[in-house]
Amino acid sequence: MRIYLAGKMSGLSLEEMNEWRMRAEIRLQEAGFRILNPVDVEIDEKSSDREIVANNKAMIRGSDIILAEFDYEEPSFGTICEVIYANSLGIPVISWGRYPIRSPWVREHIVRHFDELEDAADYLIRSWNF
């Protein structure tokens, strides 16, 4: 089963983008999941918005489930778009983050939300590892 790691990237350093993703990747790979991490894609200052979005959409289409991070007070517009796009394709979205998701549009597209990454990972291992 392949899991796409959706989450904030804009305005973050490479280390900040990858911190939670690396923790999730280690835990979920040990349980047998394959991880699709958009940070691993070679994107640079020459990459167009269209290229970035097309690549993320391709990774989402190649996923079985999405793990979405909402751990910043101001949610990422890109993450919101990824969640809604995945849901429109019938790909379930599990999310995590300490800040409440205020928009019913976002909440409606999420199967289950957890405050902590570890709890979301445990849920994926218990309930979606088939």
Condition met for S95 (part of a strand (DSSP E or B), surrounded by 20 or more Cβ atoms within 10 Å (Cβ to Cβ), in contact with a Leu (Cβ under 9 Å, 6 or more places away or on another chain) and not aliphatic (A, V, I, L, M)): yes
Only listed residue being at positive phi and of a type in the set (G, A, S), chosen from G62, G32: G32
Candidates E82, E108, E74, filtered to the one that is charged (D, E, K, R) and modelled with pLDDT under 95: E74
Checking S47 against (1) among the small types (G, A, S); (2) in contact (Cβ under 8 Å) with a residue 24 or more places away in the chain; (3) on the phi < 0 side of the Ramachandran plot; (4) not in a helix (DSSP H, G or I), the condition it does not meet: (2)
Residue that is nearest to C81 (Cα to Cα), among those in the range 19-55 that are surrounded by fewer than 17 Cβ atoms within 10 Å (Cβ to Cβ) and of a type in the set (G, A, S): A54
Test: residue in the range 74-82 that is closer than 15 Å to N37 by Cα, assigned to a helix (DSSP H, G or I) and not charged (D, E, K, R): yes
So I125, is it crowded, with 18+ Cβ neighbours inside 10 Å and among the hydrophobic types (A, V, I, L, M, F, W, C): no
Extreme residue, surrounded by the fewest Cβ atoms within 10 Å (Cβ to Cβ), among residues of the range 56-65 that are in contact (Cβ under 8 Å) with a residue 12 or more places away in the chain and of a type in the set (A, V, I, L, M): I65
Residues that are in a helix (DSSP H, G or I), in contact with a helix residue (DSSP H, G or I) (Cβ under 7 Å, 6 or more places away or on another chain) and of a type in the set (A, V, I, L, M, F, W, C), drawn from the range 17-41: M17, W20, A24, L28, V39
Residues within the range 76-90 that are free of Cβ contacts under 8 Å to residues at least 60 places away in the same chain and surrounded by 18 or more Cβ atoms within 10 Å (Cβ to Cβ), tallied: 2
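The values are calculated or read from the model by the stated rules, or taken from the named source; none is laboratory data. What you see is a predicted model; the values in this text were computed from it and never measured. So basically every Cβ, Gly included, is an ideal-geometry build from the backbone, and we count neighbours across all protein chains shown.
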